[in-house]
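What follows is a set of notes on a single structure, which appears directly below.
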Amino acid sequence: MNILILGAGQLARMMSLEGAPLNLNVRAFDVSSQKIIHPLTYQVFEQSLEQAISTVDVITSEFEHIPDDVLALCCQSGKFHPGKAAIKTGGDRSIEKDLLDRTDVPSAPYQLITQKQHLLDAVSVLDLPLVIKTCQAGYDGKGQWRLKSLDQVESIWAEMAGFIASGTESFPHTIIAEKMIPFDREVSLIGVRDKKGNVKTYPITENQHTNGILTLSLAVKVDDNIQQQAINAFNKLAVSMDYVGVLAIEFFEVSGTLMVNEIAPRVHNSGHWTQQGTACSQFENHLRAVTGLPLGDTRAQKPSVMINVLGQSTIPTQVLAIDDVKSHWYGKTQRTGRKMGHINVSAEDNIALGHKLLLLSEILPEQDYPGVRAMSERLLQG
């Protein structure tokens, strides 16, 4: 079976790797160059997008910021999953908030902003501090502001106004202000839904960020109530969008209650641990869902951690001397803060996982891999 992935980055690369054993042949549409390429070898195929669409059985996506003309072509074919509604929702926080409201899934109180008075209204209604985000084109902490005092309003509005003004009548730019939630931790759920409505979910992960970028995800046993809250939210959102494929949901946990931070209609960075910690990874399950194959086992086999490799030229080979440690390299041009790869670590129990992270912390410098030693100490303390 032939599959076309919109986007040619590391997520398409990992889907290609997982698809080969299932006899699923993957090509990717590089949105920047508008070329059809192989996501592993980067071989360029002499095909237009229209020709590629006609020759594949299924079309899917590795990201949500897809140009409207490309999305329209793919949807017209009847081959595209997870569907236009899902991609639009993942690419626009205002649409996302509307979905959360309609499905009665908790999230932070908010105010949409297209003019200065809306910002002042948000300050009045929601109170300070506020987290302010662009509704379109924001990722990895970009396009965000923190409004903590009234004397910041003028300077922050000046930056916001520039973004709003850069929109067009066809593609307006909007901004959302949310009440800052004093959460206990940030967690995420990766789930998958097939064409028949069957659903499987992975165990929740606890996520740690540095400067707005995910640095580490921990997958260990969590409270059943927390897991069930996340599953309930997944089911409501997936059914509402008639979703097919892997869907990721990021939550804030506040005193035992989950509130959605954002959703991603695709395989997700916080689910990379599934390559090692489960029998069927998020990448394989996404391909299974969109091609009509039976969904795979999502149960955790071992406690696991995923460590992002950000802006580094290589992954230290010494990490491979530690049992149950695997490195994944993306083959991208080095750039400060860029996701260059990741490291997966698994162990028989939490204490053993803590020991392995302690060994890794002696190889991976804290300034480049923040939080590894702290997580090891936490796990070792039980």
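Observations on the structure shown:
- For the chain, share of DSSP beta bridges that run antiparallel, in % to the nearest 5: 85
- Nearest-0.05 FRET efficiency for Ala20 and Ser124, computed from C-beta distance (R0 41 Å): 0.15
- Cut-off 18 Å, label 7 Å out along Cα→Cβ of Ala321, residues of region 359-382 by amide N: 359-366
- Bridge type composition, region 12-156 - antiparallel percent by DSSP, nearest 5: 90
- The mean sequence separation of alpha-carbon pairs under 8 Å and at least six residues apart, normalised by the residue count of region 158-312, gives a relative contact order of 26 percent.
- FRET efficiency, 1/(1 + (r/R0)^6) with R0 45 Å, evaluated for Asp101 and Glu366 via beta carbons: 0.65
- Computed from the C-beta positions of Ala165 and Asp68 and an R0 of 30 Å, the FRET efficiency is 0.90 to the nearest 0.05.
- Derived from the Cα gyration tensor, the three semi-axes of the equivalent ellipsoid of region 2-80 are 18, 13, 12 Å, largest first.
- Gain in span if fully extended, Trp329 to Ile181, counting 0.36 nm per residue against the direct Cα distance: 49.8 nm
- The distance from the alpha carbon centre of region 166-242 to that of region 66-135 is 14 Å, rounded to a whole number.
- Structure-based [θ]222 nm, the chain - -39500 (n - 2.57) summed over DSSP H runs of at least 4, per residue, nearest 500: -9000 deg cm²/dmol
- Subtracting the Cα-Cα distance of Ala158 and Ser32 from 0.36 nm times their residue separation leaves 42.4 nm of extension gain.
- Within the chain, longest stretch free of exposed GluC sites (Glu not before Pro) [DSSP loop, at most 14 other beta carbons within 10 Å]: 170-347
- Linear extension gain, Val254 paired with Tyr42, 0.36 nm per residue minus alpha-carbon span: 71.9 nm
- Volume per residue of the C-alpha convex hull in region 109-179, rounded to whole Å³: 79
FYI, it's all coordinate maths here, none of it is from the lab. Source: prediction; values computed, not measured. With ideal geometry, Cβ positions are generated from the backbone for all residues, glycine too; neighbour counts draw on all protein chains shown.
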